[in-house]
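No value in this document is a laboratory result; all are computed from the given coordinates. Note that the coordinates shown come from a computational prediction; the quantities given were computed from them, not determined experimentally. Don't worry about glycine lacking a Cβ; one is built from the backbone with ideal geometry, like all the others, and counts go over all protein chains shown.
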């Protein structure tokens, strides 16, 4: 808990649940007859609705991107460093919308919701999703909020994939697309880590063939393992070396074959896995990693990313981090090449960082400066549109 | 099964079990009152015993490094490509000794053996080992075989760590040390993957707190997960991309949340994990990964690798592979720097390869050529010693 809420925080925020009593047709062919989205907003929508920014969360994210839910909150939202008054995503100038995606486990319709047809948990029967399903549900949200065109859609990792898909699905509804630490599709190695993570969940006896909610339990161990596997890939070797090195928890080797975790790095990962598994739903994890694995920006464009980006009308900011081996700079350069090939405006920056994939969430002067400068231009444009309105 | 055994194979080999009815004091302070080693040898020891080569296996290896156990064998030993008549480790010139290390699960004394004191399986009570324990047991083996000085001690990965330790523990007993795809100590990232792998084993309900052998079962799922995690890190992103890409097993997305493995890369890893877990012991896996994690070449030399290598008297060949991110070329260059600092003779080669850490086991013309040339010099030296004897 901060002693007092910092001046450059959006302060106390209250999530809202919006109900959409209208069918949402999904890419898999199935339809949600209605759905709910849990949403937070920061800042004020101007009269021409030209200053709206959409935040797309990544694998394990949710709607709580900035501020605090109460004075007792220990930590602010997941992207608080970048969203707030005077911050790169400046809430004095932008109206920022952040939501939990459908399929999530933080209040939006997902596997933990009740399936209206069966009256029981959706669980493993929840429809498999693709990023475009999120885009379509977010377009309904924009309609509801009176936002015809987003000043910017911003995301990191899976969130950036969603943002890119937005720019192809609704070209006229996006002015800027900010693509941070992402890729047009995962590599085989990325998929391999996700397959192992899913196997850890599916093979946990507490998964009960997917019926764990009915049994009032959770495959916590499998989920913790899945998160630990993921977490290692979000960090760089260098960062882990700096942070933990080869330090032992107890200062000396225990060395028994069945002694638990002995190294600090294992202890840290274990803690991350445990705390994650207490707050996250296993089916949501399966679903989100599958969206990630399936995502292939150019699949429907004859596997030609240039043809894909020819559909877009917005400008792009693409950012990568030097030590990110999960979504390496090479993947971002492929995006940039395709955007240039499609004659789209693009700014690209490769940020030096030892923080791995997680760098997109963390402080970094150059990243922050660039992000601020770009968003300042976006805000200026939004203010011009407001005046012209 | 090969249609016929190739001419450049060592042919049919028969492992031998050697019993050492003498105590072996271990680094942990405990003592094995006696121990057995399962050994294979290829080629003939010359009269001066100057042509003996010791092969040290890696994490999941064993004594069966070359040749076939029967005409029905589907595959030869794990390093058959490099050991045989006319091969880099030329069995027409060398007497090659390959053993299963203590703590292993292929016949040498280990967690699956009976503890003579309790009359039951060693299991989780088997003493934790360090690489030097293997060195000391291998020195007893050398004594038994009448080998005072090895022409070369050769290993990849953990095997190379053992070889390096040999060169410090018994400087006068090693002429050449061949260190392939190794490191003086693991990085925090390496350790992290091992901690997760061990957690997968320990948290499998079939582990039964370590008493799975008594219950006539095995934590096969945890062991399979552990192996899958390890296996990804032995391959390069590029290799997995070339081999599996984003191919699906069924050709089309299943996409249900609880559908099993969907991508070819997951299917491959799963197969590797399953087949490994059917043949390997969980305690041995815990033990071997711990030896790997604890290994720190210079710990007892005030963390000064130059001081460590000043103990050595042999010459070194150090080899790394460009796409090996588990034991990267940077780690091998640290070994070379320390050897140069200690004024030791060293040849270093960084081999271009897309095969990741596994490259040390696989065909590669430059690796093979260099290895052959180096070992030719070692053989020539051995033959000179034989003539001088």
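Is the C-alpha gyration tensor of chain B telling us rounded, prolate or oblate? Criteria: a/c under 1.5 is rounded; beyond that, a/b larger than b/c is prolate, otherwise oblate.
In terms of gyration-tensor shape, rounded.
Pick out which of B:155, B:84, B:341 has the largest mean-square fluctuation in a Gaussian network model of chain B, springs linking Cα atoms closer than 10 Å.
B:341
What is the antiparallel percent of DSSP beta bridges lying wholly in chain A, to the nearest 5?
Details: 14 of 41 bridges.
The antiparallel fraction comes to roughly 35 percent.
Can you give me the Cα centroid spacing of the range B:114-185 and the range A:81-134 in angstrom?
55 Å
Just to compare against my own numbers: the Cα pair-distance distribution for the range B:157-221, 5 Å bins, whole % per bin, please.
4, 15, 15, 12, 11, 13, 14, 10, 6, 1
Using the alpha-carbon atoms, what tilt in degrees (0 to 90, nearest 10) does helix A:329-341 show relative to the longest principal axis of chain A?
Value to nearest ten degrees: 20.
For the range A:48-135, what's the relative contact order in percent, using C-alpha pairs closer than 8 Å and at least 6 residues apart? Please report the intermediate quantities before stating the final value.
Values: 114 pairs, mean separation 21.1, N = 88.
Taking the mean separation of contacting Cα pairs over the length of the range A:48-135, I get 24 percent.
To the nearest 500 deg cm²/dmol, what mean residue ellipticity at 222 nm is calculated for the protein assembly as shown from DSSP H runs of n ≥ 4 alone, each contributing -39,500 (n - 2.57), summed and divided by the residues?
Details: 20 runs with 270 residues, N = 778.
Helix contribution divided over all residues of the protein assembly as shown: -11000 deg cm²/dmol.
What's the center-to-center distance, using Cα atoms, between the range A:339-370 and the range A:256-296 in Å?
For the range A:339-370 versus the range A:256-296, the Cα centre distance is 27 Å.
Given springs between every Cα pair under 10 Å in a Gaussian network model of chain B, which of B:158, B:286, B:145 has the largest fluctuation?
Ranking B:158, B:286, B:145 by mean-square fluctuation puts B:145 first.
Using Cα-Cα distances under 8 Å and only pairs 6 or more residues apart, what relative contact order does chain A have, in percent?
Working: 779 pairs, mean separation 68.8, N = 389.
It comes to 18 percent, rounded to a whole number.
If each of residue B:21 and residue B:145 carries a label point 7 Å out from its Cα toward its Cβ, how far apart are those two points in nm?
2.3 nm
Expressed as an acute angle from 0 to 90° and rounded to the nearest 10, what is the orientation of the C-alpha long axis of helix B:188-202 relative to the principal long axis of chain B?
For B:188-202 against chain B, the angle is about 60 degrees.
If we hang a label 7 Å off Cα along the beta carbon direction at residue A:145, how far is it from the matching labels on the other copies, in nm, shortest first?
From this label point to the equivalent ones elsewhere in the assembly: 7.1 nm.
Distances from residue A:369 to the same position in the other copies: list them in nm, one decimal, shortest first, using label points 7 Å from Cα along Cα→Cβ.
Values, ascending and in nm: 4.8.
Residues of the range B:39-83 with amide nitrogen under 15 Å from the 7 Å Cα-to-Cβ point of residue B:5?
From the range B:39-83, the list is B:40-44, B:64-78, B:80-81, B:83.
Placing the label point 7 Å from Cα along the Cα-to-Cβ direction, what are the distances from residue B:74 to the equivalent spots in the other copies, shortest first, in nm to one decimal?
Listed shortest first, these distances are 5.0 nm.
Can you work out D for the range B:191-289 in µm² s⁻¹ from Stokes-Einstein, where Rh is the Kirkwood radius over C-alpha pairs, the temperature is 10 °C and the viscosity is 1.306 mPa s? Kindly include the intermediate steps, with their values, before the conclusion.
Values: Rh = 14.5 Å.
Result for D is 109 µm²/s.
So which residue, out of A:162, A:109, A:17, gets the largest mean-square fluctuation from a GNM of chain A using Cα contacts under 10 Å as springs?
A:17
Take every residue in peptide B:291-302, count the Cβ atoms of other chains within 10 Å of its Cβ, and give the average of those counts. It would help to have the intermediate numbers written out before the result.
On the way: counts 1, 0, 6, 6, 0, 1, 0, 0, 1, 0, 0, 0.
Taking the mean over all residues of the peptide, I get 1.
If one takes the longest principal axis of the Cα atoms in chain B, at what angle in degrees, from 0 to 90 and to the nearest 10, does the Cα axis of helix B:264-279 lie?
70 degrees
What order do you get for A:36, A:25 when you list them from fewest to most C-beta neighbours inside 10 Å? Each step should come with its number before you reach the end.
Values: A:36 18, A:25 11.
The most exposed by this proxy come first: A:25, A:36.
Using only the alpha-carbon atoms, what does the protein assembly as shown span along each of its principal axes? Please give whole angstrom values in decreasing order.
The Cα atoms of the protein assembly as shown stretch 100, 59, 51 Å along the principal axes, largest first.
With N denoting the number of residues in the range A:137-269, provide Rg(C-alpha) divided by 2.2 N^0.38 Å, to two decimal places. If you can, show how the numbers build up before the last one.
Working: Rg = 20.8 Å, N = 133, 2.2 N^0.38 = 14.1 Å.
Rounded to two decimals, the normalised Rg is 1.47.
Translational diffusion coefficient, Stokes-Einstein: compute it for the range B:241-311 using the Kirkwood radius over C-alpha pairs as Rh, at 10 °C and 1.306 mPa s, and state it as an integer in µm² s⁻¹. Display every interim value, and only then the final one.
Working: Rh = 16.2 Å.
The Stokes-Einstein estimate is 98 µm²/s.
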